[in-house]
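Here's the structure we're looking at; comments come further down.
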Amino acid sequence: MAALVSNARASAGLAGLQSEQTFRDLVREAKATGPTYRTTLRATIRSSYRGHYRRAMLDLLAALDFRSNNDAHRPMIQALDLVRRYARTRLQAYPAEEIVPIDSVVRPLWRDAVVNHDPQGRPRVNRITYEICAFEALREQLRCKEVWVAGADRYRNPDEDLPADFDARRDEHYAALGLPRSADAFIAGLQEDMRAALSRLDCDLPRNLNQPRGCEFANGISSGAENAFQLSQAAASDRGCSLTRAPGPSSL
């Protein structure tokens, strides 16, 4: 750590950083988010999954039928089929001849833990670690219904969410929802709402006249405080605006 701080101080003139504490914070951040942290995180998750959750998850996988209407998510279905086929084996890695989907299934955090190499230099996929990645990806795709469960209610086929006559009565349904049929018009409406809201915020937000002394701003960044932006506490209002609109006892 001392060497890192020394090197960081030596480069202060180039980096434009000012204090030794800044460098110490950078070292602390590197330790908290660097390779050691990732390795520890993966080992903890893997141990928990293997020791407590794996049997139940594989039983659920055997009982449920996962499907997808989108060919782009076909690798997810293939990954689940692969996990299901080898669920009761004792293999540490999938056979080298197996086609194992990696993209859209394994996050970058897990890539180097999932794929190893055998003595012949061939890539081998660790089975338990791959199962963790597959179930993690399944969770995300179930949430957005890119993958669905046959016979389920909440996670049913998303095509069943629409009324059976939706295409024939599309104009009527859009009118009932108060939505335009054109995607461009819908996006333009959202953008206009956002511009109006930001404009109101810009006009209504009072100036912060009680900025701490010695905290000059340059390009919106504070050079004299730990945080980039600081707002002083607003003075208490005698009566909130929502209270003025509240009905009186006589009207209740």
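The values are calculated or read from the model by the stated rules, or taken from the named source; none is laboratory data. Just so you know, these numbers come straight off a predicted model, no measurement behind them. Backbone-built Cβ (ideal geometry, glycine too); neighbour counts: all protein chains shown.
Looking across segment 120-147, the residues that are among the aliphatic types (A, V, I, L, M) and either over 17 Å from LEU91 (Cβ atoms) or under 20 Å from the mean Cα position of the chain (by Cα) (or both) come down to ILE132, ALA134, ALA137, LEU138, LEU142, VAL147.
ASN157 fulfils the conditions (1) surrounded by fewer than 13 Cβ atoms within 10 Å (Cβ to Cβ); (2) assigned by TED's automatic domain parsing to the domain that holds ASN69 except for a single criterion, (1). Of the candidates LEU109, LEU177, the single residue that is on the phi < 0 side of the Ramachandran plot, at pLDDT below 95 and outside the structural domain of MET76 (by TED's automatic domain parsing) is LEU177.
Residues are listed down the side, and each one gets a yes or a no for (1) closer than 23 Å to ALA152 by Cβ; (2) among the polar types (S, T, N, Q); (3) crowded, with 17+ Cβ neighbours inside 10 Å:
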| residue | (1), (2), (3) |
| --- | --- |
| PRO35 | no, no, no |
| LEU41 | no, no, no |
| ARG55 | yes, no, no |
| ASN70 | yes, yes, no |
| ARG74 | yes, no, no |
| ARG85 | yes, no, no |
| THR89 | no, yes, no |
| ARG122 | no, no, no |
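Confirm whether ARG46 is assigned to a helix (DSSP H, G or I), surrounded by 12 or more Cβ atoms within 10 Å (Cβ to Cβ), within 22 Å of the chain's Cα centre (by Cα) and at pLDDT below 80. No; evaluated as a whole, the condition is false for this residue.
Residues checked against (1) under 25 Å from the mean Cα position of the chain (by Cα); (2) in contact (Cβ under 8 Å) with a residue 12 or more places away in the chain; (3) not assigned by TED's automatic domain parsing to the domain that holds CYS144:
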{"site": "ASP59", "(1), (2), (3)": "no, no, no"}
{"site": "PHE66", "(1), (2), (3)": "yes, yes, no"}
{"site": "ASP71", "(1), (2), (3)": "yes, no, no"}
{"site": "VAL83", "(1), (2), (3)": "yes, yes, no"}
{"site": "PRO95", "(1), (2), (3)": "no, no, no"}
{"site": "SER104", "(1), (2), (3)": "yes, yes, no"}
{"site": "ASN116", "(1), (2), (3)": "no, yes, no"}
